[in-house]
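K.L.:
Mind looking over this structure? Questions follow.
Nothing in this text is a laboratory measurement; each read-out follows from the coordinates by a stated rule. Just so it is clear, the structure is predicted and the values come from calculations on it, not from any experiment. Glycine gets a Cβ as well: all are built from the backbone with ideal geometry, and neighbour counts include every protein chain shown.
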Amino acid sequence: MYGRKMNVKVMDGSELPRYAHEGDAGFDMCLTEDCRLEPNARAIVGLGCAFEIPSGCVVLLFPRSGLASNHGVTLSHGVGVIDSCYRGEVSAPLVNLSCDIVNLPKGSRICQMVIVPYVPCQLVEVDELTDTERGTDGIGSTGIE
């Protein structure tokens, strides 16, 4: 199933995060207390766990699609980045994009956490970059298909 181990500190009253299904890339993160979001309101909510993220990896927090599409609640920053040197409780900044008040009870699954390796790079300043077929054509330049 899953090969790599990661140390997790679970805060009082919280549960160890878990994958919903075998083979899932992300595991669900849940609220540690009830949360009420007025329309267009934001809140930073605790997720009840701290992680010892393996060196060479980063944790990415993604919104849960059902919460966003059914209730208009998503992560206010799109995708969260948690570096391997951070040891505090993971939290999530939520935003209610709907016109309705949304009440989320303690234990609600609000985002998914995915652990991915990354490639550290040494940045080298140059005057020119190598050319490609696309070149410097920006957003929308490849057309709509």
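K.L.:
For the stretch 19-35, which positions are surrounded by 12 or more Cβ atoms within 10 Å (Cβ to Cβ) and either assigned to a strand (DSSP E or B) or not charged (D, E, K, R) (or both)?
P.N.:
Tyr19, Ala25, Gly26, Phe27, Asp28, Met29, Cys30, Leu31, Thr32, Cys35, listed by residue number.
K.L.:
Six or more apart or on different chains, Cβ atoms under 6 Å: show the pairs whose first residue is in the stretch 74-95 and more than 24 Å from Glu38 (Cβ to Cβ) and free of Cβ contacts under 8 Å to residues at least 40 places away in the same chain and whose second is among the aliphatic types (A, V, I, L, M) and assigned to a loop (DSSP other than H, G, I, E, B).
P.N.:
Ser84/Ile53
K.L.:
Is there a residue being of a type outside the set (A, V, I, L, M), within 26 Å of Ile53 (Cα to Cα), in contact with a helix residue (DSSP H, G or I) (Cβ under 7 Å, 6 or more places away or on another chain) and not in a helix (DSSP H, G or I) anywhere in the stretch 69-86?
P.N.:
yes
K.L.:
Ok, one more. Could you count how many residues in the stretch 87-118 are outside any loop (DSSP other than H, G, I, E, B) and either of a type in the set (D, E, K, R) or closer than 19 Å to Gly26 by Cα (or both)? Steps first, please.
P.N.:
Of all residues in the stretch 87-118, those outside any loop (DSSP other than H, G, I, E, B) come to 91-96, 102-104, 109-117.
The next check asks that each one be either of a type in the set (D, E, K, R) or closer than 19 Å to Gly26 by Cα (or both); those that pass are 91-94, 109-117.
Counting residues in the stretch 87-118 that are outside any loop (DSSP other than H, G, I, E, B) and either of a type in the set (D, E, K, R) or closer than 19 Å to Gly26 by Cα (or both) gives 13.
K.L.:
Do you know which of the residues in the stretch 118-145 that are surrounded by fewer than 10 Cβ atoms within 10 Å (Cβ to Cβ) and under 30 Å from Ala50 (Cα atoms) is farthest from the chain's Cα centre (by Cα)?
P.N.:
If we filter the stretch 118-145 for residues that are surrounded by fewer than 10 Cβ atoms within 10 Å (Cβ to Cβ), which is where we start, we get 119-136, 138-145.
Still in the running and under 30 Å from Ala50 (Cα atoms): 119-122.
On the way: Val119: 19, Pro120: 20, Cys121: 23, Gln122: 26 Å.
My answer is Gln122.
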